[in-house]
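Undergrad: What follows is a structure written as structure tokens; I'll ask about it next.
What follows is calculated from the coordinates using simple rules that are stated; it is not laboratory data. This one's a predicted model, so the numbers in the text were calculated from it and none came from an experiment.
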Amino acid sequence: MSTDLTTGRDQPHEHAGFLERIFAEQQAPLVRYATRLLGDGERARDVVQDTFVKLMQQRAAAIDGHVVEWLFTVCRNRAMDVLRKEGRMKPFEVGQLEETSAPGPRPGRALEEAETQAIVLRLIDALPPNQQEVIRLKFQNGFSYKEISRITALSVSNVGFLIHTAIGRLRTEMAAQQP
């Protein structure tokens, strides 16, 4: 992304390419994240659309190096605004599973992995909402504790505590699931 030094504005044609790339890479993870927060795919897509509209209004230099974190933060804030407007927070729906596709080397193994993944996702759904959110941000979206802290407005130590507690609970529950 280059910036016109005389005006301080981003070059429009390069900014458009940047936006297209970011949209292609981040739309699905943002919709998944917003759907989890809102419990509704339609409202989630609206929130993500609002998020990308705000991105188009930003100067690239202002978000350079942390655009994905910025997107998730804006998306989360917009989703929280929607929930506040409704006057209630919706818990994550038990049994909602993300679509996955992970072809395995043999059919039996792929089935075992799918069953294990379904169990883990059900166990995650049983966690308190704040633990669900940080677990998904960490392991589904790959954010660091510091990035999760900025996205959720929790302290880094609180993020670490929530993740540690959630993982401990998931391990205990997984062990109980094993024959």
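Undergrad: Taking θ = phi - 60°, what integer Hz values does the Karplus form 6.51 cos²θ - 1.76 cosθ + 1.60 yield along the range 134-141, in sequence order, with x for Gly and Pro?
TA: 5, 5, 5, 5, 6, 9, 8, 10
Undergrad: Using modelled amide H (1.01 Å from N, peptide plane; none on Pro or chain starts), what sits under 5 Å from the amide H of Gln58, excluding residues fewer than 5 places away?
TA: Residues meeting the amide H criterion: none.
Undergrad: Hey, any idea what the orientation-averaged projected area of the convex hull of the range 107-177's Cα atoms comes to, in nm²?
TA: On the way: hull surface 19.7 nm².
The orientation-averaged projected area of the Cα hull of the range 107-177 comes to 4.9 nm².
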